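Colleague: One structure, as structure tokens, below. Some questions next.
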Amino acid sequence: MLIADNLGFRYAGTPVLADVTMRAESASMLAVTGPNGSGKSTLLHLLAGVAQPTAGRVRRAPGLRVALLPQRTSDIDALPLTVVECVRIGRFTPGRLLRRLTRRDHAAVTGIMELLEIAPLARRRLHELSGGQRQRTLLAQALLQEADAYLLDEPTTALDTRTRRHVHDLLTYKVRAGAAVVIASHDDEEVALADRTLHLTAG
Ligand SMILES: Nc1ncnc2c1ncn2[C@@H]1O[C@H](COP(=O)(O)OP(=O)(O)O)[C@@H](O)[C@H]1O
Ligand SMILES: [Mg+2]
């Protein structure tokens, strides 16, 4: 579904990733582990296509729908959106940007906001949220997408145990329904959910 061949990446000449070969398969969860700075976030950006590799290549199945939850979200604060508006974006798809959301879409928005306990924040602006609240909002938007591949960068670091479990149940459900999930994580319990693990080493 999503294949990386001999990927390399450098920031201004400093090597970050070298010779990474991996595949994300449908109906399967892949955990990406490794110490801080080992390149987990960079790898997810390359897989999503928001950054380009300096060596090797990423192959995506034609028409593949990719949902990315980035780790660093400060850029998003600049958008004049409320929480509910931000979550709803997950239901718009390319080519259908101007369609009206259906009753089913609105129910899905409400459901995920309740699950992630951000329903009371619906009318707040993004820049008025704490880091954890912002992470929940963006996680809701990512999980609401009807994607083939979900690339999630440490999605549950700011969540309490109960909410984390809800998210894990939802991910398990998506995998059963055929999705490829790639999850960068430091959490052993989360890593244990995955079918395979890709471990990056610093340097
Ligand atoms: N925008 C950037 N400019 C320069 N170096 C960066 C940038 N972003 C990340 N790096 C460096 O790339 C390396 C990998 O970072 P990252 O992919 O965020 O690792 P991880 O997610 O595993 O913590 C780190 O050494 C980090 O300092
Ligand atoms: Mg990271």
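Colleague: Per 10 Å bin, what is the whole-percent P(r) computed from every C-alpha pair distance within region 73-146?
Modeller: Binned Cα distances yield the sequence 21, 55, 23, 1.
Colleague: Largest first and in whole Å, what are the equivalent-ellipsoid semi-axes of the chain based on the Cα gyration tensor, each being the root of 5 times an eigenvalue? Walk me through the numbers before you get to the answer.
Modeller: Working: eigenvalues 152, 65, 62 Å².
Taking √(5λ) for each Cα gyration eigenvalue gives 28, 18, 18 Å.
Colleague: Right, another one. Net charge within 15 Å of G8 by Cβ-Cβ distance, Lys/Arg positive one each and Asp/Glu negative one each, not counting G8 itself? Working shown, then result.
Modeller: Details: positive: R10, R57; negative: D5, D19.
Within the 15 Å Cβ shell, the charges total 0.
Colleague: Here is a further query. Return a whole-number percent for the relative contact order of the chain, with Cα pairs under 8 Å and 6 or more residues apart as the contact set. Let's see the in-between values first.
Modeller: Numbers: 352 pairs, mean separation 72.0, N = 203.
This gives 35 percent for the chain.
Colleague: Roughly how many debye, to the nearest 20, is the charge dipole of the chain about its Cα centre, given +1 on each Lys and Arg Cβ, -1 on each Asp and Glu Cβ, and no other charges?
Modeller: Numbers: 26 positive and 21 negative charges, 168 e Å.
In debye, rounded to 20, the chain gives about 800.
Colleague: With each label point set 7 Å from Cα along the Cα-Cβ vector, what nm distance links V50 and S130?
Modeller: 2.4
Colleague: Given an 8 Å cut-off on Cα distances and at least 6 residues of separation, report the relative contact order of region 73-146 as a percent. Don't skip to the answer; put the middle values down first.
Modeller: Values: 67 pairs, mean separation 38.4, N = 74.
Relative contact order comes out at 52 percent.
Colleague: Cα centroids of region 178-201 and region 48-64: how far apart, whole angstrom?
Modeller: 20
Colleague: Report, by chain and number, residues whose modeled amide H sits under 5 Å from the one on L81, excluding near sequence neighbours (fewer than 5 apart, same chain).
Modeller: Residues meeting the amide H criterion: L126.
Colleague: So for the chain: antiparallel DSSP bridges make up what percent, rounded to the nearest 5? Intermediate results must be reported in sequence, preceding the final value.
Modeller: On the way: 13 of 31 bridges.
Percentage antiparallel, nearest 5: 40.
Colleague: Relative to the longest principal axis of the chain, what angle (0 to 90°, nearest 10) does the C-alpha long axis of helix 161-176 take?
Modeller: 70
Colleague: Give me the percent relative contact order of region 1-59, please, defined on Cα pairs under 8 angstrom at least 6 residues apart. Each step should come with its number before you reach the end.
Modeller: Numbers: 88 pairs, mean separation 27.1, N = 59.
Relative contact order here is 46 percent.
Colleague: Still on this structure, please answer the following. Please name which of L79, H186, L7 has its Cα lying farthest along the dipole of the chain towards the positive end, using unit charges on Cβ (Lys, Arg +1; Asp, Glu -1) and the Cα centre as origin.
Modeller: Most positive-ward Cα: L79.
Colleague: Show me, for region 83-90, the HN-Hα J-couplings you get by feeding each phi into the Karplus relation (A = 6.51, B = -1.76, C = 1.60, θ = phi - 60°), rounded to Hz, glycine and proline as x.
Modeller: Once θ is set to phi - 60°, the couplings for region 83-90 become 4, 5, 5, 5, 5, 4, 3, x Hz.
Colleague: Next up: What distance in nm separates the simple spin-label points at A61 and H106, each placed 7 Å from Cα in the Cβ direction?
Modeller: About 3.4 nm, to one decimal.
Since every read-out is calculated from the coordinates, none of them should be taken as a lab result. Since this is a predicted model, take the numbers as computed values, not measurements. Every residue, glycine as well, gets a Cβ built from its backbone with ideal geometry; the counts of neighbours run over all protein chains shown.
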